[in-house]
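Taken together, the values in this text are just the output of simple stated rules run on the coordinates, not laboratory data. Everything numeric here is computed off the predicted structure, so don't read it as measured data. Cβ coordinates were reconstructed from backbone atoms using ideal geometry, including for glycine residues, and neighbour counts include every protein chain displayed.
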Amino acid sequence: MQNGNSSIAREIMRDFADLTGLTQARKKAVRYLWTDAFAVCNFLEIFHQTHDRFYLDLALRLVDQVHYVLGRHREDDLREGWISGLDEQEGKKCPTKGGLRIGKKLNERKLAEPFDDRLEWDRDGQYYHYLTKWIHALNCMTIVTQDPVFNRYAEDLANTAHSAFIYHLSDGTKRMYWKMSIDLTYSLVPSMGHHDPLDGFITYNEVRATAKKYGRHGESPVLKDQIADMADICDGKNWATNDPLGIGGLLFDAWRIAQLIVTGDVNLDKLLENLLEDALTGLKSFATVHPLNLPAEYRLAFREFGLSIGLKAISQLSTLIGENPYYFDPSLPLKLKPLMDYSGLIEQIENFWKNSANRESMTWKDHRDINMVMLATSLAPAGFLCLS
């Protein structure tokens, strides 16, 4: 990580901690699951770079705060306590057993209320793709702290999410809900997210690999049945998208698979190749409309940072393959080259949003916290990307 980027990332994350009530006891904690998942990884990376215990303590404090705020019912809800229904003592021991709320401003839509597409974006509930990001963050906590309790929390959350979000059609086909109620008893958005099954499949494998490393495997491999379910849902899917956040997610997933291949935890060479091909298709489509030439008012920074983070993962993937060629098909480096030709987009995205004038736009201010944190991740991505 370059020194300039390192100092910017540290400044951003300290500001984020103050703004969201992580370091200011007098300020009410404002927690949002997606943003906080990236923030945990950022604090871990800054700790790795600086060896300053302050940043590890921030990561630990953030995990506790997310569990205590988003693992419990909202203040404006008649229900109280842990959303899992566990009592206070058991809830603290197993804080992810009921899943975790998104952290949206408005309370969830009740079962009898009519659906409003615009309002739904601002309403609380549970998103599967937010839960998987938090599972990844918890897994990273175990890797850095070597404490398997975070991996156990991750496994608990994976089990809960899987049980609630996966359902069967009349012909036996498995599908997924995109958004569920806070208590996971009914769907809020029944459609399936494009990359949700892929994200779940890879994230479950990540959790299982870490559980094995830290002696948590037991007689039955962790998440064995859940991984099989997700493999069924993923079968035959095309993952191509021209959404920059989605493209970045595919590149991040390819990087995770490659790391798991090298450690001997998966044999997913074909999936790796498919993800790289679909990501390239998406990148070509994205680049043809030149969205990065638009002014800030017409751009969503956090979605662009998803792409820059993914492109940085591909650079690391190229290095990993070069250091471990016997684990991969000999043609794979040639398939990486056209993807790496887009690496110039990283600097274009980061420099645009590092410009303070562009951060005065409403599109930045309306999504301030998530934009801040994902810019920091893009500048210092190792904590989010590494699985060992």
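Summary of computed values
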{"item": "Integer Hz, Karplus 6.51/-1.76/1.60 couplings in order for the stretch 170-180, x for Gly and Pro", "result": "4, 8, x, 5, 8, 9, 9, 7, 8, 9, 10"}
{"item": "In nm, spacing of pseudo-spin labels at Gln89 and Glu75 (7 Å Cα→C-beta vector)", "result": "2.9 nm"}
{"item": "Square roots of five times the Cα gyration tensor eigenvalues for the stretch 238-388, Å", "result": "29, 16, 12"}
{"item": "Interchain or long-range residues, amide H under 5 Å from Leu22's placed H", "result": "none"}
{"item": "Packing rank of 144-151, 81-88, where each peptide gets the mean count of other beta carbons within 10 Å, highest leading", "result": "144-151, 81-88"}
{"item": "Cα-derived Rg to Rh of the stretch 104-233, Kirkwood definition", "result": "1.01"}
{"item": "Among 319-329, 206-216, the order from most to least packed when residues are scored by Cβ within 10 Å on average", "result": "206-216, 319-329"}
{"item": "Listed residues Val207, Gly236, Tyr327: farthest to the positive end of the dipole of the chain (Cβ charges)", "result": "Val207"}
{"item": "Per-residue ³J(HN,Hα) for the stretch 29-41, Karplus 6.51 cos²θ - 1.76 cosθ + 1.60, θ = phi - 60°, Hz, x for Gly and Pro", "result": "5, 10, 10, 9, 5, 4, 4, 5, 5, 5, 4, 4, 5"}
{"item": "Most mobile listed residue (Pro338, Pro197, Pro330) in the chain, GNM with C-alpha springs under 10 Å", "result": "Pro330"}
{"item": "More than 39 Å apart - percent of Cα-Cα pairs taken over the chain", "result": "12 percent"}
{"item": "Relative contact order [Cα under 8 Å, 6+ residues apart], the stretch 238-388, whole percent", "result": "32 percent"}
{"item": "Cβ-derived FRET efficiency at R0 35 Å, Asn242 paired with Lys110, nearest 0.05", "result": "0.50"}
{"item": "Positive-end residue of Ala158, Leu184, His195, charge dipole of the stretch 104-233 with Cβ unit charges", "result": "Ala158"}
{"item": "Residues with amide H under 5 Å from that of Glu108, placed H, sequence gap 5 or more", "result": "Asp124"}
{"item": "5 angstrom amide H check on Thr241, placed H, neighbours 5+ away", "result": "Gly282"}
{"item": "For the stretch 1-77, with +1 on Lys and Arg beta carbons and -1 on Asp and Glu, the positive-most of Val69, Asn5, Asn42 along the dipole", "result": "Val69"}
{"item": "Sequence ranges 247-254, 118-125, 379-386, 89-96, ranked by mean other-Cβ count within 10 angstrom, highest first", "result": "247-254, 379-386, 89-96, 118-125"}
{"item": "Whole-angstrom gap from the stretch 269-304 to the stretch 363-388, using each part's C-alpha centre", "result": "17 Å"}
{"item": "Calculated from backbone phi, Karplus (6.51, -1.76, 1.60) coupling profile of the stretch 237-252 in Hz, x at Gly/Pro", "result": "6, 9, 9, 4, 7, 9, 6, x, 5, x, 4, x, x, 5, 5, 4"}
